[in-house]
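Asks: Below is a structure I'd like to ask you about.
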Amino acid sequence: MKFAVIVFPGSNCDVDMYHAIKDELGEEVDYVWHDADSLDDYDGILLPGGFSYGDYLRTGAIARFSNVMKEVVKAAETGKPILGVCNGFQILLEAGLLPGAMRRNESLSFICKPVQLRVENSNTMFTANYERGQTITVPVAHGEGNYYCDAQTLADLKKNNRIVFSYLVNPNGSLENIAGIMNEKGNVLGMMPHPERAVDTLLGSADGLKLFQSIVKTWRESHVIKA
């Protein structure tokens, strides 16, 4: 499986994401600049954290108009796995690939620490290697991770089991403790915590590695040629 790590001006977690895929997962991966006009050569698309375009206007608001985002939308429509982490999640929200919006943390402070998450849905291409209800430890690092959506959207997320991760102890005021959600098709996941920073026990946790392993496992199963 071959991954693309999208790099925007201001991305700063792209190297972490690349390391997680290449060195810990053992899969192919390339950095892809924001002005790329094709993602056809890639099986999975990763939008890393950081401060794309300095987070001017709103987090992800300018990156959403980058040339490569047309290709990200196209990849999502064809069913390729798309993962947006932190700023990547914010970009997916701005691009309309996921519903809702991000607000400033309730504390109005930048939060950087390990947090515990509950796996709310283990029946996804991103969580196949977890168990429903499992508690995992993954770090957060954000100033605007306070997820919000209207009542109708929240009801839809709950009804269709699209809340993938929730916080055990809410660090930012996020609605219903939401830490990660997916689209209706189930191939686009946005989450504020950083699984790429939890891929080795030397980093304090290896719980995030299972997310990437889940993507590869599901992708390979879907590409097995049946006799």
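All of the numbers you see were taken from the coordinates with simple rules; none came from a lab. In this text the structure is predicted, and so the values were computed from the model without any measurement. Cβ: placed from backbone, ideal geometry, glycine included. Neighbour counts: every protein chain shown.
Asks: So in the range 1-100, what percent of DSSP beta bridges are antiparallel if you round to the nearest 5?
Replies: 10
Asks: Further question: Taking the range 124-212, which GluC sites (Glu not before Pro) meet the DSSP loop condition and have no more than 14 other C-beta atoms within 10 Å?
Replies: Counting only loop positions with at most 14 other Cβ atoms within 10 Å, the GluC sites (Glu not before Pro) in the range 124-212 are Glu131, Glu184.
Asks: Around Arg103, what is the net charge, scoring Lys/Arg as +1 and Asp/Glu as -1 over all other residues with Cβ under 15 Å from its Cβ? Don't skip to the end; give the middle numbers.
Replies: On the way: positive: Arg58, Arg104; negative: Asp55, Glu94, Glu106, Glu144, Asp150, Glu176.
Surrounding charge for Arg103 is -4.
Asks: What's the local net charge at Thr127, with K and R +1, D and E -1, over the other residues with C-beta under 14 Å away?
Replies: +2
Asks: Here's a follow-up. According to the square roots a ≥ b ≥ c of the eigenvalues of the Cα gyration tensor, what is the shape class of the chain, taking rounded for a/c under 1.5, prolate for a/b larger than b/c otherwise, and oblate for the remainder?
Replies: rounded
Asks: If I stretch the segment between Lys22 and Glu184 completely, what's the gain in nm (0.36 nm per residue apart, minus their alpha carbon distance), one decimal?
Replies: Values: separation 162, 0.36 × 162 = 58.32 nm, distance 2.91 nm.
Stretched out fully, the Lys22 to Glu184 stretch lengthens by 55.4 nm.
Asks: How many percent of DSSP beta bridges within the chain run antiparallel, rounded to 5?
Replies: Details: 22 of 38 bridges.
Counting DSSP beta bridges with both partners in the chain, the antiparallel share is about 60 percent.
Asks: Quick one: of Lys70/Lys210; Lys80/Lys158; Lys158/Lys185; Lys22/Lys217; Lys2/Lys74; Lys2/Lys210, which pairs are farther than 26 Å apart, Cα to Cα? Working shown, then result.
Replies: Working: Lys70/Lys210 29 Å; Lys80/Lys158 23 Å; Lys158/Lys185 15 Å; Lys22/Lys217 16 Å; Lys2/Lys74 17 Å; Lys2/Lys210 17 Å.
Where the Cα-Cα span goes over 26 Å, the pairs concerned are Lys70/Lys210.
Asks: Give or take rounding to whole Å, what are the principal axis extents of the alpha carbon atoms in the range 146-219, in descending order?
Replies: 41, 31, 13
Asks: How long is the gain from Glu131 to Arg104 if the chain were fully straight, where each residue apart is worth 0.36 nm and the alpha carbon distance is subtracted? Mind dumping the intermediate values first?
Replies: Numbers: separation 27, 0.36 × 27 = 9.72 nm, distance 3.10 nm.
Stretched fully, the Glu131-Arg104 segment lengthens by 6.6 nm.
Asks: Mind checking the full-extension length gain between Ser38 and Ala151? Use 0.36 nm per residue of separation minus the Cα-Cα distance, one decimal, nm.
Replies: 37.0 nm
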